[in-house]
Amino acid sequence: MHRTHRILAAIALLALAVTGLGGCGKEGSPPVKGPQPDELPTYQVQSAFKLPDSATWTKAKRRGHLIVGAKEDQPYMGEKDPATGRYSGFDIEIARMLAASLGFDPDSIQFRTIASANRETALQNGQIDYYVGTYTINDNRKKLVGFAGPYYMAGQSLLVRTDENDIDGPQDLDGKRVCSAAGSTPYQRIAKDYPRADLVAYDTYSVCVDNLLTYQVDAVTTDDTILMGYAAKVPDELKVVGRPFSKEPYGIGVPRSDNALRFALDDALATHEKNGDWKKAYDVTLGLSGVPAPEPPAIDRYPAS
């Protein structure tokens with residue numbers, strides 16, 4: 001196949017994979033990889049659970065369901081099928097298992113896509129009850145929101161085309177056009193630590209990946225979890241290079257003042273890690289990238305401020 005045609009085919013396949021619309025492709029086309037609903041774990045709803053000290057939980061209880069912020073364009077982590085509106089991925093399963101522990105039916109969650117740059121505002125304004133979407137815990141963000149967890153330890157890496165041989169790590173980014181999500185930790189790290197890179201930003205990583213496939217950028221940078229998902233969708237066109245060059249502890253974002261909710265989510269997360277739900281959720285989502293489940297990181301139950 002001509003190179004241009006292969007690239008266009010890769011973009012089309014990636015679009016189908018991300019949106020979940022390619023399950024019944026023509027004969028001989030590669031199957032879309034992703035969790036199937038009947039393969040996902042089920043989580044026992046703690047119907048007697050009460051958390052009256054949490055204003056967020058109380059409001060959600062009166063409403064009858066949780067509103068959870070998420071990503072919609074991250075394969076195996078958080079992606080949305082525009083045809084059905086269904087969200088799937090490891091982050092989505094984390095949100096679902098925690099909802100069950102808080103006394104809510106996971107199927108009743110209203111997921112809301114929130115861009116990286118808008119996460120703190122969405123939590124501060126009460127637009128969402130909590131946020132699960134490759135959300136790195138750091139000291140600056142703790143000044144604005146609270147974090148339960150972490151529930152996963154990722155690391156920043158680089159995604160390039162398979163025909164790219166000049167980029168093996170961030171030290172090779174001088175003069176290279178590098179794409180990341182606006183407001184994200186990876187964007188900020190490249191800007192600070194590798195200022196000679198030609199950094200560009202979009203609201204979503206899917207746009208970055210499209211630009212990578214069409215030679216408009218030389219690399220995409222974000223957490224390895226996200227990049228592994230994209231590379232697994234079109235392995236003939238994309239690859240992850242080098243070793244992770246950061247540690248990204250993923251947390252569940254909550255309103256900063258709601259320590260009762262934060263501690264309840266810590267307890268719930270510990271329970272689901274112990275009873276095997278965490279690993280089951282990983283295996284049918286992020287585990288489909290071929291990377292076996294690691295040990296979950298220690299939960300940081302930092303004191304109320």
Run down the aspartates and glutamates and flag those whose C-alpha is under 17 Å from the C-alpha of residue 59, throwing out any fewer than 8 positions away in its chain.
-> 105, 129, 258
Expressed in nm to one decimal, what extension gain is obtained for the pair residue 86 and residue 46 from 0.36 nm per residue of sequence separation less their Cα-Cα distance?
-> 12.0 nm
Considering the dipole of region 204-305 built from charges on the beta carbon (Lys and Arg +1, Asp and Glu -1) around the Cα centre, which of 235, 289, 213 is farthest to its positive end?
-> 289
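If we count every other residue with Cβ under 11 angstrom of residue 164's Cβ, Lys/Arg +1 and Asp/Glu -1, where does the sum land?
-3
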When Rg is the radius of gyration of the Cα atoms in the chain and Rh is its Kirkwood radius, what does Rg/Rh come to?
-> 0.97
Number of Lys pairs in region 189-305 closer than 23 Å at Cα, excluding neighbours under 8 places apart unless interchain, is 5
Rounded to whole angstrom, the alpha-carbon centroid of region 183-241 lies from that of region 59-92 at a distance of 23 Å
Loop-located trypsin sites (Lys or Arg not before Pro) in region 217-275 whose Cβ has at most 13 other Cβ within 10 Å (DSSP) = 247
Accessible area per residue, 1.4 Å probe, Å², for the chain: what's the number?
-> 45 Å²
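Please report, as a whole percent, how much of the solvent-accessible surface of the chain comes from carbon and sulfur atoms (probe radius 1.4 Å).
Using a 1.4 Å probe with all protein chains present, the chain comes out at 50 percent carbon and sulfur.
What helices in the chain pass both tests, a Cα length along the helix axis of 18 Å or more and a mean Kyte hydropathy of 0.0 or higher, using whole DSSP H runs?
Values: long enough: 3-19 (24 Å, 1.40); 259-274 (23 Å, -0.31).
Passing helices, by number: 3-19.
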Under a plain spin-label model, where a point goes 7 Å from the Cα along Cα-to-Cβ, how far apart in nm are residue 267 and residue 300?
-> 2.3 nm
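The values are calculated or read from the model by the stated rules, or taken from the named source; none is laboratory data. This is a predicted model, so every value here is computed, not measured. Cβ coordinates were reconstructed from backbone atoms using ideal geometry, including for glycine residues, and neighbour counts include every protein chain displayed. The accessibility values were calculated without ligands, DNA or RNA, using every heavy atom of the protein model including side chains. Shrake-Rupley method; radii C 1.70, N 1.55, O 1.52, S 1.80 Å.
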